[in-house]
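Bear in mind these aren't lab numbers, they're just calculated from the coordinates by the rules spelled out. All values derive from a computational prediction rather than experimental measurement. Cβ placement follows ideal geometry from the backbone for every residue including glycine, while neighbour counts extend to all protein chains displayed.
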Amino acid sequence: QESAEVPKQNDVARLRKIVINSLYSHRDVFLRELISNANDALEKLRLTSLTDKEVLSGAEDLNITIKAFKDQDGHGRIIIRDTGIGMTPEELTANLGTLAKSGTSEFLARAESTDTTGTGNLIGAFGLGFYSSFLVADHVYVSSLAAKSSQNPSPTQYVFSSGADESSFEIYPDPHGNTLGRGTEIILVLKDDALEYTDQHKVSDLIDKHSSFSSAFPIYLYTERTEQVPVEVEETKSDDVDEDVAVVEDADEKDTEPKTEAVTVEEWIHVNSQPPIWMRDPKTVTEEEYKTFYQATFKDYEEPLAWHHFSGDSGSGVSFKAIIYVPSHLDDSWWQNPLQTSSKDIRLMVKRVFITSDLGEDALPKWANWVKVVVDAEDLPLNVSREMLQSTRFLKQLRSIILRHILQMLVRIAEDDPEKWAQVQKVYGNVFKLGAVEDVKNRDKLVGLTRFGTNQRDSTSLDEYLENRKKGQKQIFYIADMGSTPEILAKSVFIEKLHARGYEVLLLTDPLDEIFVQNLRLWKKVQFQDVAKAGLRFGDEEMSPEEEKEEQKTLTEQFKPLLDWLKEEAKDVVRDVVISNRLVTSSCAVVADQMGYTGNIERMMSSSQGAKNPMHAFAKKQKILEINPRSPTIQGLLRRIEQLPSEEDGRDLDTEEEMKEVASVLIDGALVRSGFSVPDSNEFFVRVDRILRRSLGVSETAPTDTTVKPAPEVDTEPLNLEDPLLDMEWPDYVPGSLRQPPPESEYKPENQVFWEVEEIDEEGNPVKKSDENIVIKPHDEL
Ligand SMILES: Nc1ncnc2c1ncn2[C@@H]1O[C@H](COP(=O)(O)OP(=O)(O)OP(=O)(O)O)[C@@H](O)[C@H]1O
């Protein structure tokens, strides 16, 4: 008898505890998990038998049997047996002994940090499978006899034995010998509080609900019922019996019931004899059945968002039935590598027998790799291999049919079920945008599925947008700022006139949006126009009456002195200064030229490799300052500029300097308001400070007392690694984000820095000493 220690004992014990405690209310799942394993073992055997017939020897039938009962002492037992591929002792150790093989610590971390409401997903997410036995069993014995093969011509039956509270297991040759013929038998010694699972009705219901459709192999359930059977009465004939009396007695007996006795009839009932749901007429399948089938087949504890059940013909003579499911969630991991993985969830079956769930790299376009499908093809040979499949036309046709149906299903939801459509958008909205960029072939259909918020409504498709366009409008207006919100974008300086005039503008806040728009460039031949860029045309300019054009001309002449003066002042940041046609209330804005960056793109480019490109500096400069001639600020500035004495009259250098400062704050403010960064934020703030002082009537030159308490002398003591302050975590600190200090409660008085401040009067003289100390928090910023 050999005994093996599980490598990570503590992990095993901890994991079992978590499983048992937190999944108590889900413990029915053990049966489904074990049946699913038995089914997998049978599928493996069948697939292996295609190349090695030998594996089929030992047991004729391919099936699963389940027996639940109480033994004479009242202890509960469940025995699940399959005639599948079986396991060698090494496989028993590796598969059942080593826990979750990879990702154990990740699992533990997640399991322990997940609250109980989410634990239903744990088994599904991490494939606890076999370990779910310990939800109901104190002890588990697994006997297994691997299939005979050329590599393993005379396998031996071994037992794996482990208790729920133990962190070790034992593996030893089965003292009963090779009783199984082939396959695996799992004996669960039920916990005292799990005796309900010895009730055959309960077990039958569970199989019916979760597993009847998950196996193409027959599942037989052991049942016992009592039947009354006639008791064989032995006729005792004797020669000295009086015939007449005997006749009378006979007549009497005919009137009485025949004698019966209760006997126990044992029977194996085929519990999954119903056709699987994909083979049934959709009208006969209930919603509940579709949902449980999905959850069991794809190991998702959440219900699917939508599904579509159809039958089809590949066009090359292969007819099939399929169900396509849309999961109700896309894991974050999908977004980490959205276009890297290919679908592993298209379960292809031939005449109900599972063939493969890997249809190869290009099974579906990458954007659709989250879809879950079961397909059953009637007319393919059962021994078809994946390699063979790849070369048939069937697979290619199947892919395009599946894809067509996915898209049709989504369009139907969009048209008929607004509530569900909102959920689809929440989960897959960005996937459709990504798909439209990636999948040129289906671009138009995918664009049709995309939705955007606008200044007029929460959501619109591009077609609906175009239906709402105004007379003459030849552009699809949009404004993009990744990470912003539609509410903030709706207040942007760039859309104020469009909004005021009643034009609709798409408000794009996701990084993908701008990529989408730039990739698409046109929709139904109408160009996208970034309203933060030059080139904006309402489209009714030609329809404007002559006076309007005349007014524009007059304005340009009237504001010429200011335009010329600003051009000189802003020459380092913008290429030109013009009268704006997009502003209503704001005094000015900085607009990117056709070739230039918008603030959004400039940020993206500056933080990427693009910053090294020589075009970067050029593109950065391609900006135009637009001023609003109706703004009192601009009108005031024009007046002051016009009043500046000329060279001949003797220049007023002080006022000129003051005007320059105003201009610089105006330009920098416009940059910020328009989503750009200012060239020098310190300088900008110094100027703002000066203007503030002026408006407050405080002396512009009064110095700020900058005395600070110097740092103590160099600490010569060795660093105390036990010091708890070194371990102090800085909550909410995300590199590069707005930095957050730790909460006040985590400050220790001795850890604070004090800055004595003095108030000064207009002349800059100290007024009185403040009683309060201002705490300079680490990373405090403007
Ligand atoms: N009845 C069985 N016959 C043969 N091998 C089995 C059987 N049950 C389990 N195994 C082997 O043990 C492995 C571990 O099983 P377990 O149920 O823990 O995880 P899994 O089946 O791989 O994952 P999941 O249950 O999430 O699909 C299986 O992959 C399989 O190789």
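Data table
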| quantity | calculated |
| --- | --- |
| Length added when fully stretched, THR485-SER154, from 0.36 nm per residue minus Cα-Cα | 112.3 nm |
| Residue list for the range 502-523, given a label point 7 angstrom along the Cα-to-Cβ vector of GLU467 and an amide N cut-off under 17 Å | 504-505 |
| Distance between the range 469-525 and the range 333-385 - C-alpha centres, whole angstrom | 38 |
| Potential lengthening between ASP416 and GLN635 on full extension [0.36 nm per residue; Cα-Cα distance subtracted] | 73.4 nm |
| Percent of beta bridges antiparallel (DSSP, the range 523-632, rounded to nearest 5) | 55 |
| Where labels lie 7 Å past Cα in the beta-carbon direction, separation of LYS426 and ALA617 in nm | 5.0 |
| Residues HIS308, HIS75, sorted so that the one with the fewest Cβ neighbours within 10 Å comes first | HIS75, HIS308 |
| Rounded FRET efficiency, nearest 0.05, which uses the C-beta distance separating HIS75 from GLN228 and R0 of 25 Å | 0.30 |
| Percent RCO, i.e. relative contact order, over the range 295-339, from Cα pairs under 8 Å lying at least 6 residues apart | 33 |
| Highest-first arrangement of 140-148, 528-536, where packing means the average Cβ count within 10 Å | 140-148, 528-536 |
| Sites TRP268 and TRP335 - FRET efficiency at Förster radius 56 Å, r taken between beta-carbons, to 0.05 | 0.70 |
| Size of charge dipole - the range 467-550 - debye, nearest 20, with Cβ of Lys, Arg +1 and Asp, Glu -1, no other charges | 340 |
| Cβ-Cβ FRET estimate between VAL672 and ASN720, R0 fixed at 60 Å, reported to 0.05 | 0.85 |
| Exposure proxy order (Cβ contacts within 10 Å, fewest to most) of THR223, THR706 | THR706, THR223 |
| Within-10-Å neighbourhood charge of ILE624 [Cβ basis; K, R +1; D, E -1] | 0 |
| Contact order normalised by residue count of the range 128-194, Cα under 8 Å, 6+ apart, percent | 41 |
| Unit charges at the beta carbon, dipole of the range 418-574: most positive-side option, VAL424, MET482, PRO561 | VAL424 |
| Potential extension, ASP379-GLU361 segment - 0.36 nm per residue separation minus Cα distance | 4.1 nm |
| Packing-based exposure ordering (other Cβ within 10 Å, fewest first) of ASP649, ASP576 | ASP649, ASP576 |
| Packing-based order for 550-563, 577-590, using average beta carbon neighbours within 10 Å, highest first | 577-590, 550-563 |
| Measure of compaction for the range 545-684 (Cα Rg per 2.2 N^0.38 Å) | 1.15 |
